[in-house]
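Bear in mind that the values in this text are calculations on the coordinates, not laboratory data. Only a predicted model underlies this, so the values are computations on that prediction, with no experimental measurement involved. Backbone-built Cβ (ideal geometry, glycine too); neighbour counts: all protein chains shown.
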């Protein structure tokens, strides 16, 4: 068994244990393997070990990698999406985790209509109110929920967040709990289910699962230290 296969199995076991601690089944939490900066041959090792769901941060890297890998793999875009790249990426991804504004949602909805697609999306919430990050804040997403639900091409899956980084993983817990509570509030406000919570990365995914994550985005815990990003 390769190191990547071993790491995958370890992460899956850790996800399952965290799900158990939150009173859920392992199958309630999906593992999304983040392949950004890693070459296709490394991603193929994870695929050979049974992993089918992968996430990329950049559209250009995603589109370059997909043709080199099995067509059975599923892809999510998890990084910031510029409006001028929506048309390029929509046909190739199962979901977009980074819908950061009503304007971007409208652009995705319009282009999806032109392409005959019905994309799954997550609303990204800037839970730490960080100036360096994109995303809705709790007030704005509540105020714009009605308009978001009018976008008839979008399947809004739920919410996504990236908490402020802290070496002590327990410091992420309030942000994950807050995202879950905001989701519950939005379900009541909008009268529609938002079943998915995309939260948790390599250093804090167990805390995220304990707080209700349904999909965790894990890369370095499986592939090791990040490769040096190539110029875009």
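List 97, 76, 203 from most exposed to least, where exposure is judged by having the fewest other Cβ atoms within 10 Å.
Neighbour counts put them in this order, fewest first: 203, 76, 97.
What residues of segment 86-109 lie in the reach of a label at residue 140, counting those whose backbone N is under 11 Å from a point 7 Å from the Cα along Cα→Cβ?
Inside the label zone: 100-104.
Pulled fully out, how much extra length does the chain show between residue 10 and residue 48, if you take 0.36 nm times their separation in residues and subtract their Cα-Cα distance?
Gain on extension, residue 10 to residue 48, equals 12.1 nm.
Could you tell me the relative contact order of segment 3-222? Use alpha-carbon pairs under 8 Å, at least six residues apart, and round to a whole percent.
About 21 percent, as a whole number.
Would you please put 204-214, 152-162 in order of how densely packed they are, using the mean number of other Cβ atoms within 10 angstrom per residue and starting with the highest?
Put in order of decreasing packing, that is 204-214, 152-162.
Report the relative contact order of segment 172-226, percent, no decimals, based on alpha-carbon pairs under 8 angstrom and at least 6 residues apart.
It rounds to 34 percent for segment 172-226.
Relative to the compact globular guide of 2.2 N^0.38 Å, what is the alpha carbon radius of gyration of segment 116-232, as a ratio?
Expressed relative to 2.2 N^0.38 Å, the Cα Rg reads 1.14.
Put a dot 7 Å past each Cα toward the Cβ at residue 149 and residue 168; how far apart are the dots in nm?
The answer from the label model is 4.0 nm.
Work out, step by step, the length gained on full extension between residue 203 and residue 131: first 0.36 nm times the residue separation, then minus their alpha carbon distance; give nm to one decimal.
Between residue 203 and residue 131, full extension yields an extra 23.7 nm.
Under a point spin-label approximation (7 Å from Cα along Cα-to-Cβ), what is the residue 84-residue 41 distance to one decimal in nm?
In this crude spin-label approximation the distance works out to 3.5 nm.
Let me check I have the definition right: for segment 122-185, take the eigenvalues of the Cα gyration tensor, multiply each by 5, take square roots. What are those semi-axes in whole Å, largest first?
Ellipsoid semi-axes (Å, largest first): 24, 12, 10.
List the pair-distance distribution P(r) of segment 54-180, using every Cα-Cα distance, as the percent of pairs falling in each 10 Å bin from 0 up to the bin containing the longest distance, rounded to whole percents.
Taking every Cα pair in segment 54-180, the percentages come to 12, 42, 33, 13, 1.
Which entry in (1) 18.0; (2) 17.2; (3) 18.5 is this structure's computed Kirkwood radius over Cα pairs in Å?
(1)
Alpha carbon centre of segment 133-150 versus segment 84-100: separation in Å?
Each part reduced to its Cα centre gives a spacing of 18 Å.
Test of understanding: ordering 149, 122 by Cβ neighbours within 10 Å, fewest first, what list do you get?
If I rank by nearby Cβ atoms, fewest first, I get 149, 122.
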